[in-house]
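Reviewing the structure listed below.
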Amino acid sequence: MTKPIVSSTPILRATLLWGGVVGVAAILVAGVASYLAAGVPGALSGVIGALVGIVFPALTAVSILVGNRWYGTPRYLEVFFAVVLGGWVVKFILVIVALIFLSRVEWIVDLAFYFSLVGAAVASLVVDLIVLGRLRLPSVSDISMPEARIEQDGTPDGAGERGGPRV
């Protein structure tokens, strides 16, 4: 028997794939543009800013994919939300630590870092929107409906319980 797959998994994988492609492009554009504006320190600042802008949004999708690995188990919801919430807390702490550390590095060009980070983060959000817009996900997914049982008299099981007496 194959393990059931969550319907959001293909969407998240596509988001990570296209986010990686756009991330490489954002890093290259940020590096070149920042080099032209501020030389080698600008290029390094731009590349680091673009990395931060691409990697941190992708961590959410990764944590959801990790949580989805427990789909179909009795403790799926508890594990899923623990993994996703734990991932957000770790990401929040890492962002604060990274920004504090990078703010103290003398050769970081603040404007190159900032615009590269914002540009890469916006590019990541655009990828998410495009992927979600193009892939189909039903409004109600990953559920199985109970099969209706037909009683011996030909009426569905429980037909008279809510709608009054059976005729």
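The values are calculated or read from the model by the stated rules, or taken from the named source; none is laboratory data. Quick caveat, the model's predicted, so the values are computed rather than measured. Cβ: placed from backbone, ideal geometry, glycine included. Neighbour counts: every protein chain shown.
Remarks
- Checked against the criteria, Gly19 does not count as among the small types (Gly, Ala, Ser), under 22 Å from the mean Cα position of the chain (by Cα) and exposed (fewer than 14 other Cβ atoms within 10 Å of the Cβ).
- In region 85-133, the residues that are more than 24 Å from Ala25 (Cα to Cα) and within 13 Å of the chain's Cα centre (by Cα): Leu85, Gly87, Trp88
- Test: Gly42 is touching a residue at least 12 places away in the same chain (Cβ under 8 Å), out of contact with any Phe, Trp or Tyr (no Cβ under 8 Å at 6 or more places or on another chain) and part of a helix (DSSP H, G or I): no
- Subset of region 107-127 that is aromatic (Phe, Trp, Tyr) and surrounded by 18 or more Cβ atoms within 10 Å (Cβ to Cβ) - its residue that is farthest from Val40 (Cα to Cα): Phe115
- Some residue of region 143-152 being polar (S, T, N, Q) and at pLDDT 85 or above: no
- Across region 101-121, the number of residues qualifying as farther than 22 Å from Ser8 by Cα and either modelled with pLDDT under 90 or of a type in the set (A, V, I, L, M, F, W, C) (or both) comes to 14.
- Sole exception among (1) crowded, with 16+ Cβ neighbours inside 10 Å; (2) closer than 24 Å to Arg136 by Cα for Ala50, by number: (2)
- Any hit, region 3-24, residues being among the hydroxyl-bearing types (Ser, Thr, Tyr), touching a Pro at 6+ places or on another chain (Cβ under 8 Å) and closer than 21 Å to Leu135 by Cα: yes
- Contacts under 6 angstrom Cβ, first residue in region 114-135 being touching a residue at least 12 places away in the same chain (Cβ under 8 Å) and part of a helix (DSSP H, G or I), partner surrounded by fewer than 19 Cβ atoms within 10 Å (Cβ to Cβ) and aliphatic (A, V, I, L, M), 6 or more apart: Ala123/Val22; Val127/Val22; Val131/Ala14
- Taken together, the residues in region 56-106 that are of a type in the set (Val, Ile, Thr) and either surrounded by 13 or more Cβ atoms within 10 Å (Cβ to Cβ) or outside any helix (DSSP H, G or I) (or both) amount to 10.
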